[in-house]
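Undergrad: First the structure, which I've put down as structure tokens, then a few questions once you've had a look.
The values are calculated or read from the model by the stated rules, or taken from the named source; none is laboratory data. What you are looking at is a predicted structure, and each value in this text was computed from that prediction instead of being measured. Every residue, glycine among them, receives a Cβ derived from its backbone with ideal geometry; neighbour counts consider all protein chains shown.
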Amino acid sequence: MKYRSTRGGMAPLSFSDILLEGLAPDGGLALPESLPVLTSATLESWRSLSYADLATEVLGLFIDDIPLDDLSRLTHAAYNSDVFPGAAMVPLKPLKKGVSLLGLSEGPTLAFKDMAMQFLGQVFEYVLEKRQATLNILGATSGDTGSAAEYALRGKGGVSVFMLSPHGRMSEFQRAQMYSLQDANIHNIALKGVFDECQDIVKALAGDLEFKSAYHLGAVNSINWARIAAQVVYYIWGWLRATSAPGQQVSFAVPSGNFGNILAGHIARQMGLPVRRLVLATNENNVLEEFFRTGIYRPRSAAQTHATSSPSMDISRASNFERFVFDLLDQDPARVRECWDQLAKTGEFDLSHLLPLFESRYGFVAGVSSHQDRLATIKSVYTETGVLIDPHTADGVKVAAAYVEEGIPMLVLETALPAKFGETIQEAIGQPAPVPVHLQSLASLPQRVEVMDCNVEQVRDYIVKHAPR
């Protein structure tokens with residue numbers, strides 16, 4: 001299997017090449033030249049597999065330059081009871097009226113990002129060792145990607161992490177998780193801006209091909225295809241748990257800011273997984289909801305990006321959205337480039353003529369959730385079921401309610417455990433969220449972070465001073 005760029009300017013590359021590449025040299029995003037096909041027979045044969053074995057099978061469809069035995073060793077190192085110690089690694093948690101949570105927050109940082117990031121930690125180290133190479137990961141986080149990446153890569157051979165985060169815009173728990181790490185290969189940089197500005201700096205430095213090459217820059221956020229491939233696994237896992245016969249449909253509701261999580265669902269659906277709807281839930285930063293409602297993609301400025309109580313979705317420019325637009329435009333790189341050129345010139349592009357296809361061809365619908373919606377949803381779910389959910393998951397549950405259909409399970413992808421957002425939980429139910437015993441002293445640990453202005457040259461200088469070459 002070879003990979004191409006959404007903008008058409010990259011020679012076909014293997015999985016291991018795009019793993020280390022991150023953003024394509026032409027500024028686009030890597031995608032398989034063609035998607036594997038999931039048949040009913042294949043899906044049925046996977047029903048009894050463990051999560052690690054399922055990951056081996058699914059990832060093996062996308063990776064043909066790592067021997068299957070080695071891939072199996074990597075998936076079993078990523079997905080085991082030491083890393084995900086709950087009673088079930090990815091449990092299905094029934095709520096009410098056909099709605100269940102797909103429990104993705106049993107890992108070390110209590111967030112769904114662990115599901116893909118633990119595999120990335122293993123496969124990065126494997127490929128770098130094979131190639132006798134080093135890699136400097138440059139990433140941006142609005143809350144959970146950073147900690148998941150750092151916990152997966154801390155102490156790993158050949159890898160250093162430079163993680164940009166918006167100063168003062170994450171929860172206290174999220175900051176403590178990241179900034180308390182003291183590993184020599186982990187560098188936290190808090191920028192005086194919003195997530196989109198952090199992401200812009202990542203893209204600017206990744207787009208400087210001379211600097212990228214000299215300092216071996218790679219990506220760990222969802223512009224890296226390996227993240228998306230690893231996330232496809234849990235859509236298939238969820239379908240296998242929610243159904244009992246071939247061809248049964250399931251809908252998925254996904255809280256989404258950067259479009260990576262729901263993109264994996266889109267990929268699974270395109271491969272043949274029987275998915276009825278992909279329900280995209282946003283918070284007040286509803287650029288994606290606006291697109292699926294109007295066909296107009298209109299990102300907002302940093303000043304117009306709200307700080308909300310579901311902060312991991314405080315994003316106005318979704319870095320994975322281009323991969324969906326590539327499909328929407330019949331995989332025509334020239335038309336994709338035209339859209340992004342138009343975006344750069346006018347701040348928006350208009351695909352409203354394709355609006356009927358969003359649901360009919362691709363299953364996408366969308367909705368918005370507010371702070372009051374989050375509080376009400378957290379409280380009602382807790383009162384009625386005893387299950388406590390975090391604010392992002394609450395956005396998903398709220399928006400999903402409008403699309404529940406008789407006989408079609410609705411799986412809401414759990415975003416994080418509520419302990420990460422104690423202030424909002426306190427406001428919603430009048431008591432704090434329980435914190436796992438092993439993390440109760442987190443807030444008292446010393447923190448190590450570099451605070452600087454939102455300036456690309458300052459970040460560049462920091463990498464030059466601290467990155468191994």
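Undergrad: Taking the condition part of a strand (DSSP E or B) and at pLDDT 95 or above, does residue 72 pass? Full working, then the answer.
TA: Values: part of a strand (DSSP E or B): no; at pLDDT 95 or above: yes.
Considered against the rule, which asks whether it is part of a strand (DSSP E or B) and at pLDDT 95 or above, residue 72 comes out as no.
Undergrad: Another question, if that's okay. Where the second residue is small (Gly, Ala, Ser) and buried (at least 20 other Cβ atoms within 10 Å of the Cβ) and the first is closer than 23 Å to residue 247 by Cβ and touching a residue at least 12 places away in the same chain (Cβ under 8 Å) and lies in the range 47-66, which pairs have Cβ atoms under 8 Å and are six or more apart or on separate chains?
TA: 58/229
Undergrad: Hey, another quick one. In the range 85-97, what residues are modelled with pLDDT of 95 or more and either among the small types (Gly, Ala, Ser) or outside any strand (DSSP E or B) (or both)?
TA: Matches in the range 85-97: 90, 91.
Undergrad: So in the range 19-46, with the set limited to residues that are part of a helix (DSSP H, G or I) and modelled with pLDDT under 95, which one is farthest from residue 325 (Cα to Cα)?
TA: Let us first name the residues in the range 19-46 that are part of a helix (DSSP H, G or I), namely 19-21, 40-45.
Then drop every residue that is not modelled with pLDDT under 95, which leaves 19-21.
Values: 19: 22, 20: 24, 21: 21 Å.
Ranking the qualifying residues of the range 19-46, first place goes to 20.
Undergrad: May I pose another question? Output yes when any residue across the range 23-46 is surrounded by fewer than 21 Cβ atoms within 10 Å (Cβ to Cβ), touching a residue at least 40 places away in the same chain (Cβ under 8 Å), within 23 Å of residue 159 (Cβ to Cβ) and not charged (D, E, K, R), and no when none is.
TA: yes
Undergrad: For the range 257-306, which residues satisfy the criterion of being among the aromatic types (Phe, Trp, Tyr) and in a strand (DSSP E or B)? Spell out how you get there, then give the answer.
TA: Taking the range 257-306 first, the residues among the aromatic types (Phe, Trp, Tyr) are 259, 291-292, 297.
Answer for the range 257-306, where residues must be among the aromatic types (Phe, Trp, Tyr) and in a strand (DSSP E or B): just 297.
Undergrad: Can you tell me which residue within the range 220-252, out of those that are within 16 Å of the chain's Cα centre (by Cα) and aromatic (Phe, Trp, Tyr), is nearest to residue 2 (Cα to Cα)?
TA: 225
Undergrad: I'm told residue 145 meets every condition in (1) of a type outside the set (Phe, Trp, Tyr); (2) over 26 Å from residue 397 (Cα atoms); (3) surrounded by 24 or more Cβ atoms within 10 Å (Cβ to Cβ) except one. Can you identify the failing condition by its number?
TA: (2)
Undergrad: When you scan the range 298-309, do you find a residue that is in contact with a Cys (Cβ under 9 Å, 6 or more places away or on another chain), modelled with pLDDT under 95, surrounded by fewer than 23 Cβ atoms within 10 Å (Cβ to Cβ) and not basic (Lys, Arg), even just one? Walk me through how you get there before you give the answer.
TA: Here is the first cut: in the range 298-309, the ones in contact with a Cys (Cβ under 9 Å, 6 or more places away or on another chain) are 302.
Now drop any that are not modelled with pLDDT under 95, which leaves 302.
Next cut, surrounded by fewer than 23 Cβ atoms within 10 Å (Cβ to Cβ) only: 302.
Applying the additional criterion that residues be not basic (Lys, Arg) yields 302.
Yes, the conditions are met somewhere in the range 298-309.
Undergrad: Does the range 207-240 hold any residues that are aromatic (Phe, Trp, Tyr) and not in a helix (DSSP H, G or I), and which are they?
TA: Once the filter is applied, which keeps residues that are aromatic (Phe, Trp, Tyr) and not in a helix (DSSP H, G or I), the range 207-240 yields only 215.
Undergrad: Where residues in the range 195-212 are more than 23 Å from residue 170 (Cα to Cα) and acidic (Asp, Glu), which of them is surrounded by the fewest Cβ atoms within 10 Å (Cβ to Cβ)?
TA: 210
Undergrad: Identify the residue in the range 275-289 that is touching a strand residue (DSSP E or B) at 6+ places or on another chain (Cβ under 6 Å) and of a type outside the set (A, V, I, L, M) and, among all such residues, is surrounded by the fewest Cβ atoms within 10 Å (Cβ to Cβ).
TA: 276
Undergrad: If residue 8 passes every condition in (1) more than 21 Å from the chain's Cα centre (by Cα); (2) at negative phi but one, which one does it miss?
TA: Here residue 8 meets the rest and fails (2).
Undergrad: Give the range 152-183 a look and list any residue that's within 27 Å of residue 308 (Cβ to Cβ) and of a type in the set (Gly, Ala, Ser), or say none.
TA: From the range 152-183, those within 27 Å of residue 308 (Cβ to Cβ) are 152, 161-181; that's our starting set.
Across the range 152-183, the qualifying residues are 152, 165, 168, 171, 176, 180.
Undergrad: Now a separate question. Return the residues of the range 58-80 that are surrounded by fewer than 19 Cβ atoms within 10 Å (Cβ to Cβ) and farther than 17 Å from residue 266 by Cβ; say none if nothing qualifies.
TA: Going through the range 58-80, the residues surrounded by fewer than 19 Cβ atoms within 10 Å (Cβ to Cβ) turn out to be 60-61, 64-65, 67-70, 72-73, 76-77, 80.
Selection gives 60, 64, 65, 67, 68, 69, 70, 72, 73, 76, 77, 80.
Undergrad: Here's something else I'd like to know. Inspect the range 373-382 for any residue being of a type in the set (S, T, N, Q) and either part of a helix (DSSP H, G or I) or closer than 25 Å to residue 198 by Cα (or both) and give the result as yes or no. Can you show your working first?
TA: The first filter runs over the range 373-382 and keeps only residues of a type in the set (S, T, N, Q), leaving 377, 380.
Still in the running and either part of a helix (DSSP H, G or I) or closer than 25 Å to residue 198 by Cα (or both): 377, 380.
There is at least one residue in the range 373-382 that is of a type in the set (S, T, N, Q) and either part of a helix (DSSP H, G or I) or closer than 25 Å to residue 198 by Cα (or both).
Undergrad: If you don't mind, another one. State all residues of the range 385-405 that are surrounded by fewer than 24 Cβ atoms within 10 Å (Cβ to Cβ) and either touching a helix residue (DSSP H, G or I) at 6+ places or on another chain (Cβ under 8 Å) or not in a helix (DSSP H, G or I) (or both); if no residue qualifies, say none.
TA: The answer is 386, 387, 388, 404, 405.
Undergrad: Please give the number of the condition residue 309 fails out of (1) touching a residue at least 40 places away in the same chain (Cβ under 8 Å); (2) touching a Lys or Arg at 6+ places or on another chain (Cβ under 7 Å); (3) assigned to a helix (DSSP H, G or I).
TA: (3)
Undergrad: Any idea which of 105, 100, 142 is assigned to a loop (DSSP other than H, G, I, E, B) and touching a Leu at 6+ places or on another chain (Cβ under 8 Å)? Break it down into steps so the answer makes sense when it comes.
TA: Working: 100 fails: assigned to a loop (DSSP other than H, G, I, E, B); 142 fails: touching a Leu at 6+ places or on another chain (Cβ under 8 Å).
Just a single option satisfies the conditions, and that option is 105.
Undergrad: For the range 105-123, give me each residue that is polar (S, T, N, Q) and in contact (Cβ under 8 Å) with a residue 60 or more places away in the chain.
TA: Narrowing the range 105-123 to residues polar (S, T, N, Q): 105, 109, 118, 122.
Within the range 105-123, 105, 109 meet the criteria.
Undergrad: Search the range 163-184 for residues being surrounded by fewer than 24 Cβ atoms within 10 Å (Cβ to Cβ) and either among the small types (Gly, Ala, Ser) or part of a strand (DSSP E or B) (or both), and hand back the single one that is nearest to the chain's Cα centre (by Cα).
TA: Among residues in the range 163-184 that are surrounded by fewer than 24 Cβ atoms within 10 Å (Cβ to Cβ) and either among the small types (Gly, Ala, Ser) or part of a strand (DSSP E or B) (or both), the one nearest to the chain's Cα centre (by Cα) is 171.
Undergrad: Where residues in the range 406-445 are over 19 Å from residue 112 (Cα atoms) and acidic (Asp, Glu), which of them is surrounded by the fewest Cβ atoms within 10 Å (Cβ to Cβ)?
TA: 406
Undergrad: Return yes when residue 254 is crowded, with 21+ Cβ neighbours inside 10 Å and closer than 14 Å to residue 399 by Cα and no when it is not.
TA: On the way: crowded, with 21+ Cβ neighbours inside 10 Å: yes; closer than 14 Å to residue 399 by Cα: yes.
When the stated conditions are applied, residue 254 passes them.
Undergrad: In the range 446-465, what residues are surrounded by 14 or more Cβ atoms within 10 Å (Cβ to Cβ) and either basic (Lys, Arg) or part of a helix (DSSP H, G or I) (or both)?
TA: Of everything in the range 446-465, those that are surrounded by 14 or more Cβ atoms within 10 Å (Cβ to Cβ) and either basic (Lys, Arg) or part of a helix (DSSP H, G or I) (or both) turn out to be 448, 456, 458, 459, 460, 462, 463.
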